[in-house]
Amino acid sequence: MTAPAPIASAALAASAGTGKTFALSSRYIALLAAGAEPACLVALTFTRKAAGEILARILTRLANAARSPDGFDELNRQLADAALPGFAALADARGALRALVRHLPRLRIGTLDSFFFLILRQFRLELGIGTEPAIAEETGEAMDDLVLQRLLETTPLPEAEQEELLEAFRNATFGEDRKSIYASVQRLVQRQFELFQREPATESWGLPARIWPDGGFDPMAAPPAPDWPAIRAALETQADAFPQKNVRSGWLKFADLIRAVAEGGDSSAFDFSQAIAKQLYAAFAVPGRRRDAFHYYRRDHALAPETRTALEAAFAYIRHDLLARRIVRTRGLYRLLSAYARQHRAHIAASGRMSFNDIAQLLAPSSGLAPASLRLQLDARLDARFRHWLLDEFQDTSLVQWAVIENLVDEILQNPDADRSLFYVGDTKQAIYEWRSGDPRLFRRILDKYAPAIAEAPPLVQSYRSSPVVLEAVNTVFGSLRDLPLPADEHLPADWTAVANQWEAAWKPHEAAPKNAALSGHVALHLLPRLKKDEEGPTPVTRAAEIVRDLRTTIPDFDRLSVALLARGNDDGLALVDALAALGIPAAWAGSTPLLDNVLLPAFLSLVKLLDHPGDSLARRHVAMSPLAPFLSAPPPAGSLSAPEPTRTDLPPSGPRLVSLARLVREQGYAGLAAHVAATLDLSRAPLEQRRLRTLIALAADFDRRPDPTAVNFIAFVQNQTLPAADAGSNIQVLTMHKAKGLEFDIVLLPALGDKGLSARAKRDVLVHEAPSDAPVPPVDWILSAPETGAIEAEPPLAGQLAADRQSKILEELRLLYVAMTRAKRSLHLLVGAPPTSWATLRLDDVVRLGLARDAEPDPAGPVWQAGSPDWWTSEFSTPPPGPRPAAPGRPLPAPLLPPSLASLPFVPAAPPLRSRIASRDPAGGDAPAGRHFRPEGAAAREFGTRVHELFEAIEWLAPGEIPDFPDAPPGHVRLLAAFLEDPALHRFFQRPSMRTELLREQAFEAILSDGRWLSGKIDRLHLERDDDGTPLCAHVFDFKTDQTPDPERHRHQMLDYRQAVARLFSLPPGRIACTLLFLRTRQAVDIP
């Protein structure tokens, strides 16, 4: 029973560098001081790195407090500064540390994803998951594609369901002019399935009465069919009334659009990119707009009454057809996503493989998978176990994640006097993951809903990271956004006012913490001329590389400083790496590199497509123009396991070659095909392709072990692969702004802020309008497949939602800039390009330029504005540092905690470094033969061994003489298994020796052996005999081998390692552990003494 904790629920807004982790750890420690048991606390964040930092901070602070009275006083002072209770006595702090260490395996300090996964495992059967859940290796697009393929391949479907699915495909892509309907459907599923999971109710999808509650559009009330000849005649007559040639030319182009609509019979030919077309649609499609004239070439041009009548009829038809098509597409999309959802759930239930987002969706009440009684049971169990919730980086929490824990939090905050509390900390200015469903609105909405049960703590604005110079630049840019001059844009003034209002609600000027109040620093703005096409000159990327070069040669201890160049995306980041390399400067690229970043592997995937669909002409042309062209006419690969197929005369010239390669895939998998390519091509002069192909072979070998290794799945699997960043051993890092979040660097350069407007790409494929609500998770009011922007702007309900989306995009861009600028500790270089002559859109470059040096002219040679000291590195402090904090009245200033001297440490003999190896992969007798991984026969042998292993590993205990049946396995593999088990001497190894014998299959282990090696591996089959108390008595290790020629000595070291590992794992003497090699091909059993 925990003692009452006099700590109220609170929400804390903490700006960049102000100590969010420190604040959360203070709260956690204060709860321990108030008597809370460690097992009843749950602290959750978004990354394992952040979770590790939270735990490390808590343990370190408690250890320092338990170490000495001075450390104890310092901890209590820190808690008092945060208005939190401290420990009554030093013994209490030591007791809390002991309790925390004792509960370490049961602590819930981790990520939201891992916490939800633990919940799911406890309730998997109730949620309809029949197998042990696991995180899918395929994530994102690859998993979506896998489920979509299964949906398309599901047979046999009843005829009615087949027609319904086909109709859903047609409607979901209604009006699209695409060669690949599958690609269109794939894109829709990948982008909109999460929306469907949030709102599975059919009435929200494309219901006109919700979108136009005033009756502004009714798809059933079609206007009369226009008199197209009369309309064309009126438009031609109107053209003659325009004396200006340019106006008449523009009008005739508009008339051609109307003619195309009439001839096509629908609105798909109408082009909103034409200025006259867009303007007239806005005037005539919606009642109440000005229709007597239009504005073109800086003048108003009158329209004749006959023209206005004709346009009214034409645009009534176009508007109705255009919006009706979007209603049909939205309803089709809903039906498609419904079918996909059923297949998606079936896939999860059958395989147990899912993404982290799937886990949250399964646990959310809106999924409907958990009946109300189960939800009550789940919530009651968690509520009884966890009394205090601490949530970090709360601005990145998604609506579905909040929905999972909302009932628990509601129970806490509805009973504020009980021994329970909620604490969340975050910074909405750093909410840069809305594209991953994070919703920063939750921060304020929860406060509004539960006030006064949850208090808003004073925001943290003192930065322990940056120098005052850097912070002043941040304040200058972000503290007066409302006053920025804006380009001439129709929507920007209203959007910017709304954005400024939202930003100011969360903004507080930043200041340096006392320890940094005099820290020297430097900020420079570089404004470079805008280069014309093919004009040479410095760009932000090349100039950034030159600045790094100059700093590298000027600063004496440059290599000891951390330096970051932050880019918008991977392409900009790789361009920065190349620019630095051109100057001889090594840099570490912290982004990921796609596996397909070369010429060879994309062509290899086209070859796979061609083998699966020989009629794919595009894939054939790609292969023919690639280094793989010889494979269309090369001799068949040697080493096939089966007899040659009969010669066919109905194939194109390359047909027999493709048949041979397809047979190679069937027999040796995609790893065998890749190995054949590697063995055939000379890649000695293509090191990149050679490395990538080697990686592909290893990945393909893993893929080939899967139960459904189809061509489409393999292609999706490879396309989703990225290579981790390589460590260049440099103090200079290049990374994206998103990856930089949570990090800090001595020097930061921002040379690639992007050349597009802040609201670019704000228009989404689907418009989603939320109903007005004060709830943290507002209900969805309506959803509509988005028409063209011109059509949206003519419809007030749609225009209002598009404006909200634009403002959200602008805010996201500003947050990204804020995150990037606040990474700098001492030095910040901002490199921007001059705006174009016709300044029509606001960019991040402009926000920086206008905020710091509004009237500056471009200068390719140096900064146009700077603050602080350019030689900031010569002195840590620009003025003498502030003195020590005065002691509290009546308490002496605690002595600083100094590290112990080397002489005072006890002598401990140095242990040799651990040598790590994987038991099942390291060759026992030295290095493996060169090139064995590239030989086709090596791939075939590995594939054969893997499949046969799977059969034997599936065997539990057999009755005497029993031969298991595997109807879905290859016949040759089944015959080998049966022949092996027909020998009674071998069959007995699969019979249960006694009722006290436990069977462990594919037993994974990690153990440090007696010689200091760290061994990782899996034991194929382990028989463990225990006594009546469960204590292990003896063990028998079996390892399956598919060698053509048995060589027990080759595997002796591996089996001896297994014996040591089992001895360590189960506390058995090695003499009581038997080891036997089972050679499956030759039907032999060899004991290893």
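Each label point was placed 7 Å from the Cα along the Cα-to-Cβ direction; for ALA221 and ALA304 their separation is 3.2 nm. Under 16 Å of direct C-alpha separation, and excluding same-chain neighbours fewer than eight residues apart, LYS278 reaches these lysines: LYS253.
Classified by the C-alpha gyration tensor, segment 1-131 has a prolate form. Its axis ratio a/c, with a ≥ b ≥ c, is 1.5 or above, and a/b is larger than b/c.
Going 7 Å from the Cα of SER1067 in the Cα-to-Cβ direction, what parts of segment 1028-1043 have a backbone nitrogen less than 17 Å from that spot? Inside the label zone: 1028-1035. Ranked by the mean number of other Cβ atoms within 10 Å per residue, highest first, peptides 967-976, 740-749, 570-579 order as 740-749, 570-579, 967-976. Rg over Rh for segment 1025-1083 works out to 1.07, both radii taken from alpha-carbon positions and Rh defined as the Kirkwood radius.
For segment 228-314, a/c is less than 1.5, where a ≥ b ≥ c are the root eigenvalues of the C-alpha gyration tensor. That puts it in the rounded class. This ranking places HIS676, HIS738 by how few other beta-carbon atoms lie within 10 Å of each, fewest first, which gives HIS738, HIS676.
Here the Debye sum runs over all C-alpha atoms of segment 564-618 as equal scatterers in vacuum, and log10 of I(q)/I(0) at q = 0.19, 0.20, 0.28 Å⁻¹ comes out as -0.72, -0.75, -1.09.
Dipole orientation for segment 953-997: of the candidates PHE989, ILE955, PRO967, PHE989 has the Cα lying most toward the positive pole (charges on Cβ; Lys, Arg +1; Asp, Glu -1).
State whether segment 433-491 is rounded, prolate or oblate according to the following rule on the C-alpha gyration tensor (a ≥ b ≥ c being the square roots of its eigenvalues): a/c under 1.5 gives rounded; otherwise a/b larger than b/c gives prolate, and the remaining case gives oblate. Since a/c reaches 1.5 but b/c is at least a/b, the shape of segment 433-491 is classed as oblate.
Taking Lys and Arg as +1 and Asp and Glu as -1, the other residues whose beta-carbon sits under 9 Å from that of LEU1033 total +1. Other residues with beta-carbon under 14 Å from the beta-carbon of THR553 carry, at +1 per Lys or Arg and -1 per Asp or Glu, a net charge of -3.
Where a number appears in this text, it was derived from the coordinates with a stated rule and is not lab data. The structure displayed is predicted, hence computed values, not measured ones. In this analysis, Cβ positions are derived from the backbone assuming ideal geometry, glycine residues included, and neighbour counts consider all displayed protein chains.
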